[in-house]
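The values are calculated or read from the model by the stated rules, or taken from the named source; none is laboratory data. Just so you know, these numbers come straight off a predicted model, no measurement behind them. Every residue, glycine as well, gets a Cβ built from its backbone with ideal geometry; the counts of neighbours run over all protein chains shown. Only protein heavy atoms, including side chains, enter the accessible area calculation; ligands, DNA and RNA are left aside. Shrake-Rupley method; radii C 1.70, N 1.55, O 1.52, S 1.80 Å.
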Amino acid sequence: MKILKATNIVKYFTEPEKFQVLKGVSFDVEQGEFLSIIGKSGCGKSTLLYILSTMDTDYEGTMEINNTTVTGLNQNQLAAFRNQHLGFVFQFHYLLPEFTALRNVMMPALRLGKYSDKEIEHRAMEKLRLVGMDEYATKHASRLSGGQQQRVAIARALVNDPTIIMGDEPTGNLDKANSTRVFDIFKQLAHDNKQTIITVTHDVDFANGSDRIIEMEDGRIIGTHYPNGKQG
Amino acid sequence: MNWKLALNIATTHLLTKKRQSIIAMLGVTFGISMFIIMISFMTGVNQFTEDMAMDNTPHVRIYKPLEIEDKKIIALDKPQKENDWYVVEHQRPKNELSKIKNGLTLAMQIERMPEVMGVAPQLSSQVFYNNGPVQIPGNIYGIDVKKQEALFQLDKKMDEGELDDLLKGSDVIVMGKGLAKKMNVTVGDRVSVTSPEGGNLNLKVVGIFSFGVAAMDESRSYATLATVQKILQKDPSYVTDLNIKLHDINGASVFKQKLENQLDGVYVEDWETANQSLLAGESIRNIMTFVVCATLLVVAGFGIYNIMNMNIINKMKDIAILKATGFQGADVTAIFMLQSVMIGIAGGFFGLFIGFFFSYLLSITPFPAGEFFRIDTFPVNFNPVHYIIGLFFGFLTTLFAGYFPSKRAAKVDPVRIIRG
Ligand SMILES: Nc1ncnc2c1ncn2[C@@H]1O[C@H](COP(=O)(O)OP(=O)(O)O)[C@@H](O)[C@H]1O
Ligand SMILES: [Mg+2]
């Protein structure tokens with residue numbers, strides 16, 4: 001099943017002068033697919049990912065996620081949609097510094113309000129365990145190292161069991177061991193839970209481990225590879 | 001909207017920035033406490049002057065004014081021809097008594113009206129108080145002692161002696177403090193009083209009163225109606241004023257109209273007309289109080305506005321994350337509004353407490369009133385309504401001051417922040 005359909009995405013920046021960052025990007029993503037987007041710095045990967053994440057609404061073209069046309073929805077609808085269906089790991093580990101690691105992970109789930117606080121805490125703990133951060137649960141986010149914050153941010157992206165998890169260089173701040181760990185988590189989520197992974201990455205090993213690589217250059221897709229052979 | 005979560009985030013923000021929160025809170029505290037102190041004191045002063053004036057002021061007064069005939073009269077003993085009239089210019093008033101006709105009966109009639117609390121008949125006259133060869137001009141008031149006590153609390157103004165002593169002897173008076181000092185008399189001394197018509201009577205001073213108003217205390221004395229009638233050599237039905245107290249002071253001007261329509265040949269005056277300067281002073285004080293208090297609250301409001309704006313600029317990243325992970329604009333607004341409101345409530349209650357504390361201190365501070373004012377400490381009015389108003393407006397100010405920054409927070413574009 002197609003979980004995401006991007007059709008002819010065009011994006012301009014008007015400052016400092018008008019220039020076209022994305023020049024008509026179209027692709028589909030299957031449910032449970034582990035997709036990597038690669039390309040040189042400045043080619044528009046992050047920009048594309050922000051559009052896919054529904055946070056950036058200032059673009060041309062249409063996007064459909066989980067059979068919902070998200071293009072044209074208002075900010076509140078999009079926020080609710082993100083809360084439930086999307087998990088996002090930012091390029092720079094962004095946690096709420098005043099809160100503990102555990103509280104940070106719980107936050108999107110508390111917002112969703114699908115489970116009781118107790119249940120949410122339990123689930124958040126599980127996600128922290130998954131990324132190997134459970135022993136830091138009660139530490140304040142501001143006291144964690146960059147790599148640790150990154151892993152907590154991944155746990156937070158997972159807490160609502162989103163349909164799609166997006167990451168902008170999610171392993172950029174991690175050492176080899178932790179990168180591998182995150183990769184394994186993503187792989188498992190995709191193949192066992194049928195959750196879809198879309199990551200922008202510079203890490204060649206990481207990309208080569210995924211199901212499909214989309215290569216971008218200068219605001220366009222210039223190639224698609226299946227490093228592990230085309231599926232089904 | 002998850003209020004519990006919003007509240008949790010809001011309190012966490014406030015608690016991690018304790019110093020900033022306390023400063024914002026103190027702004028409100030300052031505004032509210034000043035409001036409480038100002039308004040307690042100002043209304044205390046108003047109440048004091050009003051009591052001082054109104055205790056002694058009839059709500060409606062009936063008297064007979066001296067009237068100049070404004071019709072021209074012609075000289076009858078001169079030949080009046082066409083275009084050749086003899087007219088008397090510059091007439092003098094007739095030697096008409098300022099007596100109210102059937103004053104005591106009228107008093108009883110008015111007393112039966114439903115609006116009326118009571119009527120105190122009074123006979124007033126200018127007199128000279130003779131102190132050796134010196135004559136001191138002043139006024140003497142003949143009163144119905146019991147009515148005067150009941151309606152105008154004259155008995156409460158006594159410094160020495162009792163007002164009831166007027167009923168115990170004949171030819172006795174009570175005298176204003178200032179007048180007694182000028183006359184150099186004390187209780188038990190005798191004074192001689194001369195009426196404008198030349199009647200003279202030797203009276204014994206049985207009490208000294210003070211209203212706290214120099215003009216009254218330096219010129220007045222009171223005696224029974226009969227005593228004053230005796231000085232003036234008038235009959236026992238002679239009264240010059242009927243002083244009326246109503247159940248509702250605000251009904252005075254309406255009641256005045258009613259009396260005017262029913263009565264002839266007398267003049268009716270209500271307290272508002274008689275005390276315009278007092279009322280003007282009061283409304284000026286009220287306006288001043290409200291201007292100062294509004295200014296204080298606006299200043300406190302700007303303080304909160306600034307701090308909340310700064311707070312939101314500092315929290316841009318957090319707002320972006322919250323929005324990226326699915327918090328809606330309204331959630332973000334709620335988080336920051338709650339912070340404002342908590343600052344407002346905490347600051348407001350603290351302000352009420354501080355305000356009460358200083359009002360209390362003021363209320364036990366000796367007031368340098370001189371010897372005339374009947375007041376020992378600063379007049380302070382502890383009215384719970386002021387505290388409710390203070391809290392309400394403090395709360396409103398923080399709501400208002402927090403609203404615009406919070407709305408701005410809701411509009412933060414997460415992409416712009418996260419992209420860096
Ligand atoms: N807010 C912005 N305003 C103007 N230009 C921008 C903005 N953000 C990014 N760009 C430009 O858009 C291009 C694509 O940026 P980005 O999507 O971050 O690239 P990548 O993630 O592939 O390195 C770059 O040339 C960058 O300088
Ligand atoms: Mg990038």
Residue A:60, sole failed condition from (1) more than 15 Å from ligand 1 (Cβ to nearest atom); (2) under 14 Å from the mean Cα position of the chain (by Cα): (2)
Test result for residue B:354, assigned by TED's automatic domain parsing to the domain that holds residue B:23, closer than 14 Å to residue B:390 by Cβ and at pLDDT 90 or above: yes
Residue within the stretch B:150-160 that is assigned by TED's automatic domain parsing to the domain that holds residue B:200 and more than 24 Å from the chain's Cα centre (by Cα) present: yes
Condition check for residue A:148: within 10 Å of chain B (Cβ to nearest Cβ), open to solvent by 20 Å² or more (accessible area, probe 1.4 Å) and either of a type in the set (Phe, Trp, Tyr) or over 30 Å from residue A:230 (Cα atoms) (or both): no
Selection within the stretch A:151-178 - small (Gly, Ala, Ser) and more than 16 Å from ligand 1 (Cβ to nearest atom): A:153, A:155, A:157, A:177
Residues satisfying the stated conditions in the stretch A:98-122, i.e. within 8 Å of another protein chain (Cβ to nearest Cβ) and on the phi < 0 side of the Ramachandran plot: A:98, A:99, A:107, A:108, A:110, A:111, A:112
Residue check for residue B:333: assigned to a helix (DSSP H, G or I), in contact (Cβ under 8 Å) with a residue 24 or more places away in the chain, among the polar types (S, T, N, Q) and closer than 30 Å to residue B:45 by Cβ: no
Failed item in (1) open to solvent by less than 40 Å² (accessible area, probe 1.4 Å); (2) within 14 Å of chain A (Cβ to nearest Cβ); (3) outside any loop (DSSP other than H, G, I, E, B), with residue B:397 passing the rest: (2)
From B:108, B:42, B:1, residue being touching a residue at least 12 places away in the same chain (Cβ under 8 Å), assigned to a helix (DSSP H, G or I) and open to solvent by 20 Å² or more (accessible area, probe 1.4 Å): B:42
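Let's see how each residue does on (1) of a type in the set (A, V, I, L, M); (2) free of Cβ contacts under 8 Å to residues at least 40 places away in the same chain:
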position: A:74; (1), (2): no, yes
position: A:85; (1), (2): no, no
position: A:139; (1), (2): no, yes
position: A:151; (1), (2): no, yes
position: A:159; (1), (2): yes, no
position: A:163; (1), (2): no, no
position: A:183; (1), (2): no, yes
position: A:188; (1), (2): no, yes
Residues (touching a residue at least 24 places away in the same chain (Cβ under 8 Å) and away from ligand 2 (no atom under 16 Å from the Cβ)) located in the stretch A:51-72: A:54, A:58, A:59, A:60, A:61, A:62, A:63, A:64, A:65, A:66
Which listed residue, of A:133, A:166, is within 16 Å of ligand 2 (Cβ to nearest atom), aliphatic (A, V, I, L, M) and open to solvent by less than 30 Å² (accessible area, probe 1.4 Å): A:166
Some residue of the stretch A:24-36 being assigned to a strand (DSSP E or B), over 19 Å from the mean Cα position of the chain (by Cα) and at pLDDT below 95: yes
Helices (runs of 4 or more DSSP H) contained entirely in the stretch B:219-318, each with at least 2 residues that are in contact (Cβ under 8 Å) with a residue 60 or more places away in the chain and open to solvent by 60 Å² or more (accessible area, probe 1.4 Å): B:276-314
Answer from B:341, B:299 - the residue that is under 30 Å from residue B:3 (Cβ atoms), away from every other protein chain (no Cβ under 14 Å) and β-branched (Val, Ile, Thr): B:341
Residues of the stretch A:1-23 satisfying the condition of being assigned to a strand (DSSP E or B) and among the β-branched types (Val, Ile, Thr): A:3, A:7, A:9, A:10, A:21
The stretch A:38-50 residues that are farther than 16 Å from residue A:20 by Cβ, paired with ones that are near ligand 2 (Cβ under 8 Å from one of its atoms) and in a helix (DSSP H, G or I) (beta carbon under 8 Å, 6 or more apart): A:38/A:45
Spans of helices (runs of 4 or more DSSP H) in the stretch A:133-229 with at least 3 residues closer than 24 Å to residue B:321 by Cα: A:146-158, A:176-193
Residue list for the stretch A:12-36, filter: within 16 Å of ligand 2 (Cβ to nearest atom) and closer than 12 Å to residue A:62 by Cα: A:25
Flag for residue A:86 being crowded, with 17+ Cβ neighbours inside 10 Å, aliphatic (A, V, I, L, M) and more than 21 Å from residue A:183 (Cα to Cα): no
Sole residue being assigned to a loop (DSSP other than H, G, I, E, B), open to solvent by less than 30 Å² (accessible area, probe 1.4 Å) and touching a residue at least 60 places away in the same chain (Cβ under 8 Å), chosen from B:65, B:58: B:58
Qualifying positions in the stretch A:94-117 - of a type in the set (Gly, Ala, Ser) and either open to solvent by 50 Å² or more (accessible area, probe 1.4 Å) or in a loop (DSSP other than H, G, I, E, B) (or both): A:113, A:116
